[in-house]
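Below is one structure, written out as structure tokens, with a few remarks after it.
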Amino acid sequence: MEEYQLHTLPNGIRIVHKQLTHTQIAHVGIMLDIGSRDEQPHQQGLAHFWEHMAFKGTERRSNLQIINRLENVGGELNAYTTKEKICFHASVLTEHFDKALDLITDITFHSSFPEKQIERERNVILEEISMYYDSPEDAIQDDFDGLIFTQHQLGANILGDADSLKRYKREDFQEFIAQNIDTEKIIVSSVSKLPFKKVVALAERLLKDIPAKKTQRIRQAPTLYTPQSQTVRRNITQAQVAIGRQSYALEDPKRLPFFFLVNLLGGPGMNSRLNLSVREKYGLVYGIDAQYTPFTDTGYFGIYFGTEASQLNKTHSLIQKELKTLREKPLTANQLHITKQQLMGQLAMSEEGNMSYMLMMAKSLLDTHRIESLENLFGHIKAITAQELQDLANEMFDEQQFCSLTFLPEH
């Protein structure tokens, strides 16, 4: 892909754009460096609730006008909340780009938080929480965060809980936004065939009245990590298991090599070591995967799987065997080469999606203040050594340092 272009408005908001002449679809988003980890104890679930409420009315649009603005021209409007980010984004035919950016600017900065809509959306989120609880595959990941990040907001469920959600009023949203909004940590990101000058001119017109603001917020890194195990009986038919630990932060030089190692162990490829052993050879699970998620000041690594309760010991033994192999046996030159080729191919394919690339640009600028080209990334991957990976395996795959969470059937 061609290089991106970047412009900073006087209020600190940054505009990043990738021009692609061959596409008829425009993707645009506004990403804020605000997430559920930024909530105070009395604000559990408020970031995600804000994301929902942004669609429920602004100073000049009702919720129905928000819904119909892009739907009527075949576009899509969406949003999501993570531990560290909130993003509002849209996809439309290029001719409707101005409508899309106008709308997401409006819902991001001018939400009115109507009281009647707060009550209605509160019930929607309570249903969402119930839905997650009824899905053990989802619930175990959320609950496992709480084990790894004990007594820290990173361990709290993004959705919040029923008790906290029932308290919130308009003033709570306004207070949360005022505490956390920082115009230097807001990115408007777009991918379309429009020239950069046109995107900047529209953004300037829509955002010129947003005052520059710096937050006094300081994120506190987790200081406590204690390996612990927990078993919970639930109304399920299959056992669900999560094992893992705290890991490297975004700017840690070990981040990319560890991502490489986790991809080899249990990444999306069907030839990951865990999949080949636990599923393909022994047929003990339908799916098993390893994940590594870095944050600004920490990270976590986890292995997740579901199996029959009677097969838990066998499955654990096979996982331990694969971890031990990575600790004790360096990759051969051929294994290292194949694994590098696989990861580089996966990363290149992920950039083929223009919406994903638009979101990636925004997140990269917020997290690292740069957008790394594939060429540079491939150079770093090619430089990874077998010894480096073995050293990381010995550091991070020490099972005495793992947390574990198991959901067992009640009967």
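Some points to look at:
- Test: residue in segment 126-137 that is under 30 Å from ARG60 (Cβ atoms), part of a helix (DSSP H, G or I), over 20 Å from the mean Cα position of the chain (by Cα) and in the same structural domain as ILE30 (by TED's automatic domain parsing): yes
- Subset of segment 139-173 that is outside any helix (DSSP H, G or I) and polar (S, T, N, Q) - its residue that is farthest from SER229 (Cα to Cα): ASN157
- Scanning segment 84-116 for residues that are touching a Ser or Thr at 6+ places or on another chain (Cβ under 7 Å) and of a type outside the set (Ser, Thr, Tyr) yields GLU84, PHE88, PHE97, ASP106, ILE107, HIS110.
- Filtered residue count, segment 286-297, keeping only those that are touching a Leu at 6+ places or on another chain (Cβ under 9 Å) and in a loop (DSSP other than H, G, I, E, B): 3
- For segment 82-118, a residue qualifies if it is under 23 Å from LEU365 (Cα atoms) and aromatic (Phe, Trp, Tyr), and the qualifying residues are PHE88, PHE97, PHE109.
- Residue under evaluation ALA47, criteria (1) exposed (fewer than 15 other Cβ atoms within 10 Å of the Cβ); (2) in contact with a strand residue (DSSP E or B) (Cβ under 9 Å, 6 or more places away or on another chain), criterion not met: (1)
- Residue tally, condition within 14 Å of TYR300 (Cα to Cα) and not in a helix (DSSP H, G or I), over segment 385-397: 1
- Residues being in a helix (DSSP H, G or I), among the hydrophobic types (A, V, I, L, M, F, W, C) and out of contact with any Lys or Arg (no Cβ under 7 Å at 6 or more places or on another chain) - total across segment 372-384: 3
- Residues within segment 224-259 that are touching an Asp or Glu at 6+ places or on another chain (Cβ under 7 Å) and of a type outside the set (Gly, Ala, Ser), tallied: 7
- In segment 340-371, of all residues being surrounded by fewer than 12 Cβ atoms within 10 Å (Cβ to Cβ) and not in a helix (DSSP H, G or I), the one that is modelled with the lowest pLDDT corresponds to GLU352.
- Single residue of ASN271, ASN313 found to be surrounded by fewer than 16 Cβ atoms within 10 Å (Cβ to Cβ), assigned by TED's automatic domain parsing to the domain that holds HIS369 and part of a loop (DSSP other than H, G, I, E, B): ASN271
- Just one of the numbered conditions (1) part of a strand (DSSP E or B); (2) touching a Leu at 6+ places or on another chain (Cβ under 9 Å); (3) free of Cβ contacts under 8 Å to residues at least 60 places away in the same chain is not true of TYR300: (3).
- All of HIS52, HIS22 fail the test of being more than 12 Å from LEU103 (Cα to Cα) and either surrounded by 16 or more Cβ atoms within 10 Å (Cβ to Cβ) or in contact with a Lys or Arg (Cβ under 7 Å, 6 or more places away or on another chain) (or both), apart from HIS52.
- Of residues in segment 25-44 being closer than 20 Å to GLU84 by Cα and of a type in the set (Gly, Ala, Ser), the one surrounded by the fewest Cβ atoms within 10 Å (Cβ to Cβ): GLY35
- ASP106 surrounded by 15 or more Cβ atoms within 10 Å (Cβ to Cβ), charged (D, E, K, R) and either within 30 Å of LEU20 (Cβ to Cβ) or at pLDDT below 95 (or both): yes
- Any chance PHE176 is in a helix (DSSP H, G or I), in contact with a Ser or Thr (Cβ under 9 Å, 6 or more places away or on another chain) and either at pLDDT 95 or above or of a type outside the set (Val, Ile, Thr) (or both): no
- Filter pass, PHE113 being surrounded by 21 or more Cβ atoms within 10 Å (Cβ to Cβ), out of contact with any Pro (no Cβ under 8 Å at 6 or more places or on another chain), of a type in the set (Phe, Trp, Tyr) and touching a residue at least 24 places away in the same chain (Cβ under 8 Å): yes
The values are calculated or read from the model by the stated rules, or taken from the named source; none is laboratory data. All values derive from a computational prediction rather than experimental measurement. So basically every Cβ, Gly included, is an ideal-geometry build from the backbone, and we count neighbours across all protein chains shown.
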